[in-house]
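**Student:** Sharing a structure with you now.
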Amino acid sequence: MELVDRCDNGSVKATLLVSPRFVHLLSLVLLLGYIILGLSIYRDYGVPIDEYSQIDLGRVNYERIVYGSPEIQGHYDRHYGPAFEVPLYVASNALVSVAGLDVVAARHLGVFLFFVLSLICFYIFMSVLNGHPFFGLIGVTFLAVYPRFFAESFYNSKDIAFVSATIFVLLAYWYTKDRSWLSFLILAVATGFSIAVRVQGLLLFAVISVVIFLDASVKYISRLGRVAVYVSGTLASVFAMFPLFWNNFIQNAIGFWRVSANSLGVPTFYFGEFYTSPIIPWHYHFVWVGITGMLSVLAAGVLGAGVFIKQIVKGDKRSANSNAVYAAMFLIITGTFVASVFFHPRSYDGWRHVYYIYPCIVAFAVYALRKAIEGVNKRAINMPVLMLGAFFTIDLFLSVNFLIKNHPNQYVYFNLLAGGYSRAKKSFDFDYWGISQSRLLEYLMNFNIKEGTTIYFQQILPYTERVMIPQLTGRGMRVVAAAEEADIYVIINRDFKEAPPIRFRKIYAVSVDGADLSAVYASDEYTGK
């Protein structure tokens, strides 16, 4: 029996003697397990630095939609996309009322379930793109167990939501292969949603417009018509999902563009120095992707992209539709890096602003695997299949091990190229979400506090101010503005922080492989040492 069975266009139809039905069943079981796991741990994650501002963004947009409130017109974050925040605001409030959850836990559950929906879509996308659900299972596994995505899929309502939106756009673009006007309208709505989530959706919009227009299998006049439907449908969707534009459209659209084009960011810690957009090194995103992506995915993704380009140069037209989809993903990746090098977009907190390229990289990694399998003869598996299979398996094992070992701090994931976590902490942004603060609070609330204890925070983040300080002062602690006055010294490593004065000793830390995300120190006088 042959190892593989091929479709007419050369793509793999049946892989490794496994039937599509069995793969679908296995995928369903794994999905249910993944959901059950998420439902059991979504409360474990702390509060990210911008949780409260995102809640307020959802509120003001919701009140504009439902009550006509004009507050959004003067809101500080009015130019941020509300398309995901509004339904999340509604759903989380419903969970608070019905299930008795606190609003943060409800939001984390909502963000997770939305990511699960996009994983299902990515499974479908990878399956139809490669001709067999085996490849869908491989692709979705790499997204689901990637440590940074795994953790942030519970609380990053900005960038992970946009990763999901990118997957929706790619899947919708695939289904325009039937070339019905409805399919282009669905694609337009998906693209409009992506833009109304994150401004980076404009890149998806530009890329999809180009690939639609360059579709040589369609007459020129038909291409123009499709582009017109897509562009107008996308713009209409953005308008419908962005309440800011419902008043003073021109003025607000200009403001949105200016804010979007403004690359000024917050200080970011990179190779031991602080940089602020647009003055960041050209290699910023290259390095961040290189040291935090799964190595097998990155290596196979580069290989797959190279094989694809070679195939296009050779004029292989066996599957024009899949070639167009891969071309779109290639343009998304290269367009992102070109913009990073030459236009210096706003960049900080690692590479979270360009997370959306990762599904495309995964897709090319799966493409490389498929091409290797297509080269299998009737007698044996060839060396590329063995090498890729071994590389993927080892990397998956390491990732799952990291997920289990470092729960719930999986977001601080670096691969072997970073040279270890202690080195990474001294060179790059570490706990830029401030998630570990909740663990510090748990420790301090159970700490044997002496009467009149003073506490100093090296950095005060929103959660520190809104939750930690009120609860700790309620226990009798007094917050002081200078370390010299403190009995307790708290470090939250949003950026690299120097150790406290020598009179303080570490009594508790949240750490990953010996590198502290945050820590509590006590003075020698306080501990009697």
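The values are calculated or read from the model by the stated rules, or taken from the named source; none is laboratory data. The structure displayed is predicted, hence computed values, not measured ones. Every residue, glycine as well, gets a Cβ built from its backbone with ideal geometry; the counts of neighbours run over all protein chains shown.
**Student:** Take Phe269 and tell me if it is farther than 30 Å from Gly74 by Cα, in contact with a strand residue (DSSP E or B) (Cβ under 7 Å, 6 or more places away or on another chain), in contact (Cβ under 8 Å) with a residue 40 or more places away in the chain and crowded, with 17+ Cβ neighbours inside 10 Å. Before you say what the answer is, go through the steps one by one.
**Tutor:** On the way: farther than 30 Å from Gly74 by Cα: yes; in contact with a strand residue (DSSP E or B) (Cβ under 7 Å, 6 or more places away or on another chain): yes; in contact (Cβ under 8 Å) with a residue 40 or more places away in the chain: yes; crowded, with 17+ Cβ neighbours inside 10 Å: yes.
In short, yes.
**Student:** Let me ask something else. Checking Phe134 against (1) in contact (Cβ under 8 Å) with a residue 40 or more places away in the chain; (2) in a loop (DSSP other than H, G, I, E, B), which test does it fail?
**Tutor:** Phe134 satisfies all of (1) in contact (Cβ under 8 Å) with a residue 40 or more places away in the chain; (2) in a loop (DSSP other than H, G, I, E, B) except (2).
For every residue, the table says whether it meets (1) of a type in the set (Ser, Thr, Tyr); (2) assigned to a loop (DSSP other than H, G, I, E, B); (3) surrounded by fewer than 20 Cβ atoms within 10 Å (Cβ to Cβ).
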residue	(1), (2), (3)
Leu386	no, no, yes
Ala390	no, no, yes
Ile394	no, no, yes
Ser399	yes, no, no
His407	no, yes, yes
Phe414	no, yes, no
Tyr432	yes, yes, no
Arg439	no, no, yes
Glu442	no, no, yes
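**Student:** Right, Thr336: within 30 Å of Ser263 (Cα to Cα) and of a type in the set (S, T, N, Q) or not?
**Tutor:** Working: within 30 Å of Ser263 (Cα to Cα): yes; of a type in the set (S, T, N, Q): yes.
The answer is yes for Thr336.
**Student:** Can Trp257 be described as loosely packed, with under 14 Cβ neighbours inside 10 Å, under 27 Å from the mean Cα position of the chain (by Cα), in a loop (DSSP other than H, G, I, E, B) and in the same structural domain as Phe342 (by TED's automatic domain parsing)? Steps first, please.
**Tutor:** Numbers: loosely packed, with under 14 Cβ neighbours inside 10 Å: yes; under 27 Å from the mean Cα position of the chain (by Cα): yes; in a loop (DSSP other than H, G, I, E, B): no; in the same structural domain as Phe342 (by TED's automatic domain parsing): yes.
Here the answer is no, as Trp257 does not meet what is asked.
**Student:** Considering Leu517, Leu472, which residue is under 36 Å from the mean Cα position of the chain (by Cα) and more than 28 Å from Ala418 (Cβ to Cβ)?
**Tutor:** Details: Leu517 fails: more than 28 Å from Ala418 (Cβ to Cβ).
Testing whether each residue is under 36 Å from the mean Cα position of the chain (by Cα) and more than 28 Å from Ala418 (Cβ to Cβ) leaves just Leu472.
**Student:** Right, something else. For the condition in a helix (DSSP H, G or I), under 22 Å from Tyr45 (Cβ atoms) and not small (Gly, Ala, Ser), what is the one hit in Val96, Val128? Spell out how you get there, then give the answer.
**Tutor:** Values: Val128 fails: under 22 Å from Tyr45 (Cβ atoms).
Of Val96, Val128, the one residue that is in a helix (DSSP H, G or I), under 22 Å from Tyr45 (Cβ atoms) and not small (Gly, Ala, Ser) is Val96.
**Student:** Do we have Ala83 as in a loop (DSSP other than H, G, I, E, B), at pLDDT 95 or above and surrounded by 14 or more Cβ atoms within 10 Å (Cβ to Cβ) here?
**Tutor:** Values: in a loop (DSSP other than H, G, I, E, B): yes; at pLDDT 95 or above: yes; surrounded by 14 or more Cβ atoms within 10 Å (Cβ to Cβ): yes.
Answer is yes for this residue.
**Student:** Answer with yes or no whether Arg423 is of a type in the set (Lys, Arg) and crowded, with 17+ Cβ neighbours inside 10 Å.
**Tutor:** Working: of a type in the set (Lys, Arg): yes; crowded, with 17+ Cβ neighbours inside 10 Å: no.
Taking the combined requirement at face value, the residue does not satisfy it.
**Student:** Give the number of residues within the range 485-502 that are without any contact (Cβ under 8 Å) to a residue 60 or more places away in the chain and either of a type in the set (D, E, K, R) or not in a loop (DSSP other than H, G, I, E, B) (or both). Break it down stepwise before answering.
**Tutor:** Start the filter on the range 485-502 by keeping residues that are without any contact (Cβ under 8 Å) to a residue 60 or more places away in the chain, which leaves 485-491, 497-502.
Subset that is either of a type in the set (D, E, K, R) or not in a loop (DSSP other than H, G, I, E, B) (or both): 485, 487-491, 497-498.
Residues meeting the conditions: 8.
**Student:** Of everything in the range 150-181, what is polar (S, T, N, Q), touching a residue at least 60 places away in the same chain (Cβ under 8 Å) and more than 19 Å from Gly293 (Cα to Cα)? Give them in sequence order.
**Tutor:** Ser157
**Student:** A further question follows. May I ask you to list the residues in the range 49-80 that are out of contact with any helix residue (DSSP H, G or I) (no Cβ under 7 Å at 6 or more places or on another chain), modelled with pLDDT of 95 or more and assigned to a loop (DSSP other than H, G, I, E, B)?
**Tutor:** Gly68, Pro70
**Student:** Further, regarding this structure: Say whether the condition of being assigned to a helix (DSSP H, G or I) and within 30 Å of His132 (Cβ to Cβ) is met by at least one residue in the range 104-112.
**Tutor:** As a first pass, look at the range 104-112 and keep what is assigned to a helix (DSSP H, G or I): 104-112.
From what is left, the residues that are within 30 Å of His132 (Cβ to Cβ) are 112.
Within the range 104-112, one or more residues are assigned to a helix (DSSP H, G or I) and within 30 Å of His132 (Cβ to Cβ).
**Student:** Then there's this: Kindly indicate whether Val111 is among the hydrophobic types (A, V, I, L, M, F, W, C), over 30 Å from Ala324 (Cα atoms) and surrounded by 22 or more Cβ atoms within 10 Å (Cβ to Cβ).
**Tutor:** Answer is yes for this residue.
**Student:** Suppose we filter the range 476-493 for residues that are closer than 14 Å to Glu451 by Cβ and surrounded by fewer than 13 Cβ atoms within 10 Å (Cβ to Cβ); how many remain?
**Tutor:** 1
**Student:** Has the range 454-465 got any residue that is among the charged types (D, E, K, R) and either within 15 Å of Val512 (Cβ to Cβ) or in contact (Cβ under 8 Å) with a residue 12 or more places away in the chain (or both)? Even if it seems obvious, please write down each step before you answer.
**Tutor:** Taking the range 454-465 as the starting set, the residues that turn out to be among the charged types (D, E, K, R) are 465.
Right, trim to either within 15 Å of Val512 (Cβ to Cβ) or in contact (Cβ under 8 Å) with a residue 12 or more places away in the chain (or both) and you get none.
The answer is no, given that none of the residues of the range 454-465 is among the charged types (D, E, K, R) and either within 15 Å of Val512 (Cβ to Cβ) or in contact (Cβ under 8 Å) with a residue 12 or more places away in the chain (or both).
**Student:** Next up: So which residues in the range 253-266 are under 30 Å from Ser183 (Cα atoms) and either in contact (Cβ under 8 Å) with a residue 12 or more places away in the chain or basic (Lys, Arg) (or both), if there are any at all?
**Tutor:** Residues of the range 253-266 that are under 30 Å from Ser183 (Cα atoms), as a first pass: 253, 256-257, 260.
Scanning the range 253-266 gives Phe256, Ser260.
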